[in-house]
Amino acid sequence: MVVSELVHLSVLAEEAPEALVTDPDGLYVDGTFGRGGHTRRILAKLSDKGRLIAFDRDPMAIEEAKTITDPRFQIVHAPFSSMGTVLPELGVTAVTGIFLDIGVSSPQIDDADRGFSFRFDGPLDMRMDTTTGMTAAEWLATASVDEMARVIRTFGEERFAGPIARAIEKRRAERPLETTSDLANLVAGVVPRNKKDQTQHPATRTFQAIRIEINRELGELTDALEAAGRLLKEDGRLAVISFHSLEDRLVKQYFDAHAHPERALDPRLPLRRDQLPAPRFVEITRIKPSKAECEANARARSAILRVGTRTNAPWPTE
């Protein structure tokens, strides 16, 4: 598959770089290069002294990144959760801003060979990094019924998780689930269509859940957020775009916890106001795509951009 054949429309393409870049001379991190839409716009806001380091674990994204010859830019083939260890290895211990665009990019979804979508018949892969790890087909062939039900219920918020897991177990005893159509058809035979939303396929939640599990997406996000807090300079910005409630909940809780660290203290402790821990993030904002953007790009409808500014308060020790 040629990279340029698949088009990705960056969500909040103007708002995110605008919120992120506070110092044109600074050093920034784009944790999710994708196809470079946000990256190129961030670079456009930097001066000749500015620098941008991008991360991605998708080999196709890495190939796309190689087309950027800007000397201020560097690409790293690694998940964004590794920035806390990779950046120091590159001689970077503090950055001016970090941007994360969570989830799957349009080219990944629209490429049948990647197996992310039931809209195209292809192998059940779902790995963001196709060079390593277990495929969705391999996981479905080996996971226990209880494990499958837990994943589908937790990450897909699917109330028919138990029946789906049992149906998968019964099917794989006869023949393996190998393609997206195999899984989509099986789930459609278990889950009734949503009467309020006839456009949503019955397998939507199950595909989301398995993808999140295969790629450890929520764990990756948690690790990246923790690393961001340690890496950001005073007045540095963290900007995160999420697309579903599980991701956004993590981001919101992260900002809330570090904007109000006093809430973690035992309320019975006799502390004066000046003895309370200082906030580590301030100026928390929430930005949604405009109506015009949502009409032009349906995938923007669920997007939420949350931005926070780092203070000089020390990061908590582990």
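The values are calculated or read from the model by the stated rules, or taken from the named source; none is laboratory data. Bear in mind that the values here come from a model prediction, so they are computed numbers and not experimental data. Please note: Cβ atoms are built from the backbone with ideal geometry, for glycine as well, and neighbour counts cover all protein chains shown. Accessible surface areas use protein heavy atoms only, side chains included; no ligands, DNA or RNA. Shrake-Rupley method; radii C 1.70, N 1.55, O 1.52, S 1.80 Å.
Restricting attention to helices (runs of 4 or more DSSP H) lying wholly within region 82-195, give those where 3 or more residues are of a type in the set (Lys, Arg) and at negative phi.
It comes to 161-174.
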Filtering region 124-163 for residues that are in contact (Cβ under 8 Å) with a residue 40 or more places away in the chain, among the hydrophobic types (A, V, I, L, M, F, W, C) and more than 21 Å from Leu246 (Cα to Cα) leaves a count of 5
Expected output for region 292-315 (first residue under 30 Å from Leu231 (Cα atoms), partner modelled with pLDDT of 95 or more and polar (S, T, N, Q), Cβ below 7 Å, 6+ apart or cross-chain) is Ile304/Ser242; Val307/Thr285
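Quick check on my filter: what residues within region 274-297 are among the acidic types (Asp, Glu) and open to solvent by 90 Å² or more (accessible area, probe 1.4 Å)? Explain how you work it out, then say what you get.
Kept after step one, since they are among the acidic types (Asp, Glu), are these residues of region 274-297: 274, 283, 293, 295.
Correct list: Asp274, Glu283, Glu295.
Could you check region 149-160 and list, in sequence order, the residues that are buried (at least 16 other Cβ atoms within 10 Å of the Cβ) and farther than 19 Å from Asn215 by Cβ? Please lay out each step first, then the result.
Quick first cut of region 149-160, residues buried (at least 16 other Cβ atoms within 10 Å of the Cβ) only: 149-153, 155-156, 158, 160.
Of everything in region 149-160, those that are buried (at least 16 other Cβ atoms within 10 Å of the Cβ) and farther than 19 Å from Asn215 by Cβ turn out to be Ala149, Phe160.
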For region 198-245, the count of residues that are farther than 26 Å from Glu18 by Cβ, crowded, with 20+ Cβ neighbours inside 10 Å and among the hydrophobic types (A, V, I, L, M, F, W, C) equals 6
Over region 77-101, the set of residues under 22 Å from Ala13 (Cβ atoms) and either surrounded by fewer than 24 Cβ atoms within 10 Å (Cβ to Cβ) or among the polar types (S, T, N, Q) (or both) is Val95, Thr96
Over region 161-190, the set of residues open to solvent by less than 10 Å² (accessible area, probe 1.4 Å) and either among the charged types (D, E, K, R) or farther than 17 Å from Gly115 by Cα (or both) is Ala161, Ile164, Ala165, Ile168
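Among Arg263, Arg299, Arg286, which is at pLDDT below 90, out of contact with any His (no Cβ under 6 Å at 6 or more places or on another chain) and closer than 17 Å to Leu100 by Cβ? Explain how you work it out, then say what you get.
Values: Arg263 fails: closer than 17 Å to Leu100 by Cβ; Arg286 fails: at pLDDT below 90.
From the options Arg263, Arg299, Arg286, the qualifying one is Arg299.
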Of (1) in contact (Cβ under 8 Å) with a residue 40 or more places away in the chain; (2) closer than 29 Å to Glu283 by Cβ; (3) part of a helix (DSSP H, G or I), Glu64 fails just (2)
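Could you please let me know if Ala44 is of a type in the set (A, V, I, L, M, F, W, C), out of contact with any strand residue (DSSP E or B) (no Cβ under 8 Å at 6 or more places or on another chain), surrounded by fewer than 22 Cβ atoms within 10 Å (Cβ to Cβ) and not in a loop (DSSP other than H, G, I, E, B)?
Values: of a type in the set (A, V, I, L, M, F, W, C): yes; out of contact with any strand residue (DSSP E or B) (no Cβ under 8 Å at 6 or more places or on another chain): yes; surrounded by fewer than 22 Cβ atoms within 10 Å (Cβ to Cβ): yes; not in a loop (DSSP other than H, G, I, E, B): yes.
Yes: the conditions hold for Ala44.
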Checked against (1) open to solvent by 20 Å² or more (accessible area, probe 1.4 Å); (2) at pLDDT 95 or above, Val104 satisfies every condition except (2)
